[in-house]
1. I need to check one value: relative contact order of the chain, counting alpha carbon pairs closer than 8 Å and at least 6 residues apart, in percent.
2. What is the dipole size for the stretch 1-48, taken about its Cα centre, with +1 at each Lys and Arg Cβ and -1 at each Asp and Glu Cβ, in debye to the nearest 20?
3. Which one, Gly147, Gly124, Ala67, projects farthest toward the positive side of the charge dipole computed for the chain from Cβ point charges (K/R +1, D/E -1)?
4. Stretch Ala20-Ile83 to full length: gain in nm at 0.36 nm per residue minus the Cα-Cα span?
5. Report the net charge of residues surrounding Trp26, where surrounding means a beta-carbon distance below 11 angstrom and charges are Lys +1, Arg +1, Asp -1, Glu -1.
6. Which of the peptides 77-84, 145-152, 112-119, 21-28 is most tightly packed, and how do the rest follow, judged by the mean count of other Cβ atoms within 10 Å per residue?
7. About the Cα centre, and with charges only on the beta carbon of Lys, Arg (+1) and Asp, Glu (-1), how big is the dipole of the chain? Nearest 20 debye, please.
8. Over the residues of the chain, compute the C-alpha Rg and express it relative to 2.2 N^0.38 Å.
Amino acid sequence: MVALETDRLLLRPWRVEETAVQRDLWAERDPRVPPHRRIDAGGHPTLAELEESIRTGQPSSSIGLLALERRAEGDVIGYCGLIESDRGAAGEAELAFELLRRHRGQGYATEASRAVMDWARSSGHERLWATVWDWNTASRRVLAKLGFTEIVNVKGD
Ligand SMILES: CC(C)(COP(=O)(O)OP(=O)(O)OC[C@H]1O[C@@H](n2cnc3c(N)ncnc32)[C@H](O)[C@@H]1OP(=O)(O)O)[C@@H](O)C(=O)NCCC(=O)NCCS
């Protein structure tokens, strides 16, 4: 099990009792996010479905998407971690992060990402990817602060 610490955060696997936080993250997503990543008209994914994915979905071979627990408050405010990428060479991973709206703008995504990138470096990763829509100014700013290099995809996918 991977757990990482920063000044303000503990990054560690999700617990089933935190399913509601995941549902809130889904519910708060910008309408410009593709539909398959938003709650659909039938209310899916439901709390039960998300709980099941926490129960069964912890990857063992990589870091996955870790819950961000604030060390002082003990609450979970979002996630940060690595997912499989279809870009670059085989096995290269993609950095991903998302915070509940009320906790944005306080440097948490940048702080968490730095810990994930340190972990990646020490685990032998040579390059990480991140995919971001043009309109996502906050995410683009985080990636710039982290030192990512922009590659424009002219196809827009
Ligand atoms: C992207 C996200 C994780 C950033 O989290 P965060 O903890 O607020 O990020 P940080 O505080 O570390 O940094 C945000 C930076 O963006 C800037 N920013 C935020 N909104 C902005 C806006 N609308 N215009 C310009 N800059 C903006 C902040 O000022 C800050 O930069 P600064 O440190 O130079 O002032 C958060 O906005 C989020 O959850 N968004 C929805 C999910 C998402 O887009 N995930 C990434 C998918 S690619």
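1. 21 percent
2. Dipole magnitude for the stretch 1-48 comes out near 160 debye.
3. Gly147
4. 20.5 nm
5. Net charge around Trp26: -1.
6. 77-84, 112-119, 21-28, 145-152
7. In debye, rounded to 20, the chain gives about 420.
8. Normalised Cα radius of gyration, the chain: 1.02.
Values in this text are rule-based calculations from the coordinates and carry no lab data. All of these numbers come straight from a predicted model, not from anything done at the bench. Cβ: placed from backbone, ideal geometry, glycine included. Neighbour counts: every protein chain shown.
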